[in-house]
Amino acid sequence: MADNILGNRFAGYRTGAWHGLGTVFEEALTPREALEIADADIEITKRQMVYSYGDDAFLSPRYALVRGPVDDETEPVYLGDASEEYVVVQNSDVADILAPIAGEWPVETVGVIRNGATFFMTLDVGRYEVAGEENRQFVLVHTSHDGTSALKVEKVSMRVVCENTLVMASRNASESFSLKHVGDVKAQAEWHVEVMASLRTSMKDMQAEQERMAETVATDAVTAGIITAAYPTPKPPAPAEETTKLVNSDQISNELAGKLIAQQKRREHAYQVELKRAEALQISAGSLFVDEYAATPIGGTAWGVVNAVTEVSNWREGPHADRSVMFGVRRDEGQRAYAKALEYSNA
């Protein structure tokens, strides 16, 4: 996946990004100032769509989401479509939402990606150590302008500088809240500001949790428990005896019998596919923990197992791997591992 930055619309505090695009600023900026320096204050409009039938034109119940032309563009750009109830949340609205807490948590990065369809901004919450390793925390706010997802407020541990890091950070967010593009968005945003303010306490709680995990010895049972929680072994389908008995009876037609047999075969095939997948992921996470984490400060600990699971979930390839954050599959894997490790550390 490339950086997918729109033009040069990225800005970062003190440190640039791997893609070399955008602006590096040296002093703390307000969200509005960061928006301006990144040239990210792009207006999104909602226009009712029209369709033709024969020689006539009719208004569609759907609305086009369009941004104005930037740089060398001469025409507006269609980003997606939404319902009549959809409320546009401008990039400047996001900046205003964050303004009340940006004094304590300064802007770290801001950017526009996916041809203008996604906007993100991160605030630096602070740093802490677990088992001698430094961890950083950020508040990430991102929203889409193509009608595909809500505005999201998340607590993440990765500095977001491009589409790839946005996907990775959001996938592993320790806390996530969504604000739908409907109703009184401004009023709902006030609740989100309160949520973000409450992260002061939750960050300390999370640090304490991770320290306990780093002090919990990863015995074979603990390691297996965390990994299988992340990648559970699927349950086998119901035994085929009942289907076979029914097919061999005179109670159903040959057509229905054929359908039942085909259905049973599909279930068994799906089970075998999921079983192989789960076993492969379990082996990958276990091998990574043993081979790569042994020499690290968190080697041999429950926290090390969680990190191994997170690495496998983040970096494995597959169809639509970069979009899995939208469906929560890989995030769920990490969260299950985290919850299980926490259970062991609290025992």
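In the stretch 16-32, the residue that is farthest from P100 (Cα to Cα) out of those that are without any contact (Cβ under 8 Å) to a residue 40 or more places away in the chain and not aromatic (F, W, Y) is G20.
Checking F177 against (1) modelled with pLDDT of 85 or more; (2) under 29 Å from N307 (Cβ atoms); (3) among the hydrophobic types (A, V, I, L, M, F, W, C), which test does it fail? For F177, the failing item is (1). The number of residues in the stretch 51-69 that are at pLDDT 95 or above and closer than 25 Å to V141 by Cβ comes to 5. Meeting the requirement of 3 or more residues that are surrounded by fewer than 19 Cβ atoms within 10 Å (Cβ to Cβ) and out of contact with any helix residue (DSSP H, G or I) (no Cβ under 6 Å at 6 or more places or on another chain), the strands (runs of 3 or more DSSP E) wholly within the stretch 1-73 are 44-53, 56-67. The one condition from (1) touching a residue at least 40 places away in the same chain (Cβ under 8 Å); (2) closer than 25 Å to R62 by Cα; (3) under 18 Å from the mean Cα position of the chain (by Cα) that G183 does not meet is (3).
For every residue, the table says whether it meets (1) among the polar types (S, T, N, Q); (2) closer than 30 Å to G132 by Cβ.
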{"site": "T223", "(1), (2)": "yes, yes"}
{"site": "S249", "(1), (2)": "yes, no"}
{"site": "A270", "(1), (2)": "no, no"}
{"site": "L288", "(1), (2)": "no, yes"}
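Scanning the stretch 135-160 for residues that are surrounded by 22 or more Cβ atoms within 10 Å (Cβ to Cβ), touching a helix residue (DSSP H, G or I) at 6+ places or on another chain (Cβ under 6 Å) and not in a strand (DSSP E or B) gives a single hit, V160.
Confirm whether L98 is at pLDDT 95 or above, in the same structural domain as M203 (by TED's automatic domain parsing) and either surrounded by 17 or more Cβ atoms within 10 Å (Cβ to Cβ) or under 22 Å from the mean Cα position of the chain (by Cα) (or both). Here the answer is no, as L98 does not meet what is asked. On inspection, N164 passes the criterion of being surrounded by fewer than 22 Cβ atoms within 10 Å (Cβ to Cβ), touching a residue at least 12 places away in the same chain (Cβ under 8 Å) and outside any strand (DSSP E or B). Quick one: count up the residues across the stretch 13-24 that are closer than 15 Å to E36 by Cβ and out of contact with any Lys or Arg (no Cβ under 8 Å at 6 or more places or on another chain). Final tally of qualifying residues: 2. Looking at the stretch 110-123, can you tell me whether even one residue there is basic (K, R), farther than 30 Å from A302 by Cα and in a strand (DSSP E or B)? Checking the stretch 110-123: not a single residue is basic (K, R), farther than 30 Å from A302 by Cα and in a strand (DSSP E or B). Does the stretch 253-270 include one or more residues that are touching a Phe, Trp or Tyr at 6+ places or on another chain (Cβ under 9 Å), more than 22 Å from A208 (Cα to Cα) and modelled with pLDDT of 90 or more? Checking the stretch 253-270: not a single residue is touching a Phe, Trp or Tyr at 6+ places or on another chain (Cβ under 9 Å), more than 22 Å from A208 (Cα to Cα) and modelled with pLDDT of 90 or more. Within the stretch 282-298, residues that are in contact (Cβ under 8 Å) with a residue 24 or more places away in the chain sit with their Cβ atoms under 6 Å from residues that are outside any helix (DSSP H, G or I), at 6+ positions apart or across chains, in these pairs: Q282/Y231; P297/A131; P297/G132; P297/E133; I298/A131. Looking across the stretch 29-62, the residues that are in contact with a strand residue (DSSP E or B) (Cβ under 8 Å, 6 or more places away or on another chain) and farther than 30 Å from T122 by Cβ come down to R47, Q48, M49, V50, Y51, S52, A57, F58, L59, S60, R62.
The values are calculated or read from the model by the stated rules, or taken from the named source; none is laboratory data. From a predicted model like this one, the values you see are computed outputs, not experimental measurements. Cβ sites come from the backbone with ideal geometry, for glycine too, and all protein chains shown count toward neighbours.
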